[in-house]
Amino acid sequence: MASRSKKTKKKNPMQTAFTRFMLIVAFFVLWIGGISVRLVHLQVNQHEWLRGQALGQRRDQTKEKMLRGTIYDRADHALAMSVNVKTLFADPKEIEDLEATAKEVAKALKLKPNDVLKDLREAKEGGKRFVVLARKLNEDAAQKINETLEIKDLKKLDLPKFTGLHWKEEQKRSYPYNTLAAHIIGFSNAEDIGSAGVEQSQEDLLHGTVIKGWQDRDRLGRVYDEEATEERQSPKDVVLTISSSIQYKTEQALEKAVKAANAKSGTAIVLDPRTGEILAMANYPTFDPNKYNEFPAESYTNKAVQSMYSPGSIFKLVTYGAALQEKTIIADGEIEGKSFIEVSGRRFNDPHGAKQMSYGDALAVSSNYAAIKTALGLGKDRFYNYSRKFGFGSPTGIELPAEANGQLRPPQTWFGDSLASMSIGYELNVTAL
Amino acid sequence: MSRKNTSKNKDRIKRDRDPIPWRYCVLTLVCGLILVVGFFFAARQHFSSMDFGIKNSKLKKQKDELEAAQRQLLLTKEIALSPNEIKKAAKKIGLTELTAANIEVFRAGNDEKQNKPKIEKISETKPVTSFVISVADSKKGEKQSQKETKTEKKLVDSKDKKVVRETKLAE
């Protein structure tokens with residue numbers, strides 16, 4: 001029996017090998033199966049989350065604002081242009097020792113340490129992550145600050161090499177000629193949006209669009225791939241008919257004239273009569289668009305196109321022009337002058353009119369009597385139509401904001417003496433332009 | 001239980017082996033080699049593209065910085081060319097403003113030449129009140145440098161014209 005039991009216990013070596021082999025296979029199957037299940041879980045169930053995590057580690061979203069277009073005068077002198085500047089800001093969450101940071105920053109920026117510390121502390125307590133320390137500095141100034149604030153042992157990707165401090169790229173609008181043509185150029189506000197003059201009227205062309213994109217960084221923070229997700233559309237430059245030298249001379253002459261006349265303000269426009277191009281447009285008092293905040297809002301008004309006044313005797317040109325066209329008078333014709341004329345009970349005096357004279361002389365001496373008589377001969381409707389055809393009562397269409405229309409009432413609303421008044425340039429309003 | 005495996009027995013055992021020709025081995029080896037080389041080449045390409053990307057981004061940054069510097073210089077130049085700055089510079093070197101007396105002295109010497117009538121060609125164009133001459137694409141530095149050249153050319157042209165006019169006056 002004993003020998004028999006021994007026999008039964010004896011295993012087949014092939015079977016043993018097979019069993020062992022199967023165990024190993026089972027182990028590997030389980031192992032690989034476990035890995036596969038884990039991989040499926042990670043790559044299918046957690047795909048989006050993990051992808052986001054991976055992108056978050058290497059990819060930065062970028063926002064680049066293109067520089068606003070430049071405004072040139074007719075000789076290609078830049079009257080307004082944008083340049084890149086940098087704003088230094090602190091992220092209080094990254095700073096551990098606020099006092100030491102405030103001390104160093106104050107030293108570099110020549111500020112009071114207590115003020116900096118107060119700002120940083122308030123921001124940290126309020127959970128803010130953006131505290132502006134120095135706004136819109138040029139490259140040289142930024143470089144100096146970088147050198148002053150550098151901690152050599154610090155491993156930090158961006159400048160300045162100082163914990164919690166970063167630069168933000170911005171742009172600054174500069175007007176190199178200061179007050180020159182300030183009312184024409186206008187200015188753009190802190191958000192780089194045109195708020196007056198050509199800056200406002202040509203906002204669509206000048207505006208620098210924001211380009212969104214992304215950039216991939218390696219483990220050392222170096223950018224190895226970047227792409228813009230939006231199409232780049234460069235802003236346009238605008239060239240004006242203004243001549244900066246004529247503008248300067250005009251402004252000088254206007255200032256002198258206003259001061260000499262002891263007047264409050266003045267306006268002057270220089271046009272090329274052959275083309276109608278505006279060579280200069282000056283207003284006094286003026287302002288500096290580089291620091292427009294320091295000037296009262298009234299000084300931004302371009303009186304040449306926004307203020308109205310009665311043109312007076314210069315309007316007699318329109319009266320005579322219309323009469324000549326309608327042939328109610330002839331150029332060589334003469335008129336019997338009088339020292340006054342009464343229309344609808346209103347008396348219009350004429351110090352030059354008490355004699356017989358030609359229409360040319362009447363225009364030269366600015367005779368009220370001759371102009372009123374001519375207008376009365378023309379009639380209300382024809383006078384009104386010609387005034388409209390000359391462009392009175394409607395804007396010129398100049399590319400400047402808030403241009404006044406002028407004022408020319410329709411004949412139905414006229415009074416009895418309105419035609420007479422209008423013929424010598426009253427009861428209607430025009431802009432200087 | 002002890003096994004009796006003598007060397008004689010070993011020699012007697014004959015195992016069947018699959019006949020694998022040596023060329024299959026070579027083929028496998030070659031395929032493996034191609035695969036390894038392929039992986040190696042792909043890795044090299046990948047790292048080289050990363051390297052180019054880094055270089056490219058550095059150059060782009062450098063280009064942006066240079067353009068910004070160029071714009072800053074242009075602005076500085078424009079500020080220096082502004083009438084107020086020129087006035088200041090002129091005063092610094094001792095130049096005085098043009099006065100009526102200065103003009104009289106100048107005219108006394110050049111009376112005949114000055115009184116010659118100047119004839120200008122008058123073009124017949126319809127007057128239209130206009131302000132903006134043209135609108136051009138803004139291409140940061142490139143455009144600026146082109147304009148620079150254009151302005152310089154204009155300045156040279158105007159200088160030439162001036163010389164011609166002076167020569168005519170002298171005649």
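Descriptive notes on the structure:
- Stokes-Einstein D in µm²/s, Kirkwood radius over Cα pairs - the stretch A:299-352 at 20 °C with 1.002 mPa s viscosity: 148
- Building the convex hull from the alpha-carbon atoms of the stretch A:115-196 and averaging its projection over directions returns 7.9 nm².
- Once the mean of 1/r is taken over each pair of separate Cα atoms and inverted, the stretch A:191-322 shows a Kirkwood hydrodynamic radius of 19.2 Å.
- Per residue of A:73-85, other chain Cβ atoms within 10 Å of the residue Cβ number 5 on average.
- Rg to Rh, two decimals, where the stretch A:326-433 supplies the alpha carbon set and Rh follows Kirkwood: 1.01
- Length gained on full extension, A:Glu334 to A:Glu139: 62.8 nm, using 0.36 nm per residue less the C-alpha separation.
- Relative contact order of chain A, defined on C-alpha pairs under 8 angstrom at six or more residues apart (%): 14
- Equivalent ellipsoid dimensions for the stretch A:239-314 as semi-axes, Å, which come from the Cα gyration tensor, largest first: 20, 18, 13
- Each residue in A:Asp237, A:Asp76 was given a count of other beta-carbon atoms within 10 angstrom of its own, and listing them fewest first yields A:Asp76, A:Asp237.
- Average Cα contact separation per residue, the stretch A:289-433, under 8 Å, 6 or more apart, as relative contact order %: 35
- The smallest convex shape that holds all Cα atoms of the stretch A:337-395, its convex hull, gives 105 Å³ per residue.
- Ellipsoid semi-axes in whole angstrom, largest first, where each is sqrt(5λ) of the Cα gyration tensor of the stretch A:1-148: 73, 26, 13
- Chain A: C-alpha gyration tensor shape, a/c 1.5 cut-off, then a/b vs b/c: prolate
- Projected area, mean over directions - the stretch A:286-375, Cα convex hull, nm²: 8.9
- Greater than 26 Å apart at Cα, pairs in A:Lys86/A:Lys212; A:Lys112/B:Lys58; A:Lys136/B:Lys61; A:Lys155/A:Lys212: A:Lys112/B:Lys58; A:Lys155/A:Lys212
- More than 25 Å apart - percent of Cα-Cα pairs taken over the stretch A:125-276: 58
Laboratory data are not the source of any read-out in this text; all were calculated from the coordinates shown. A quick note: this is a predicted structure, and the numbers were derived from the prediction, not measured. As a convention, Cβ positions derive from the backbone with ideal geometry for all residues, glycine included, and neighbour counts pool all protein chains shown.
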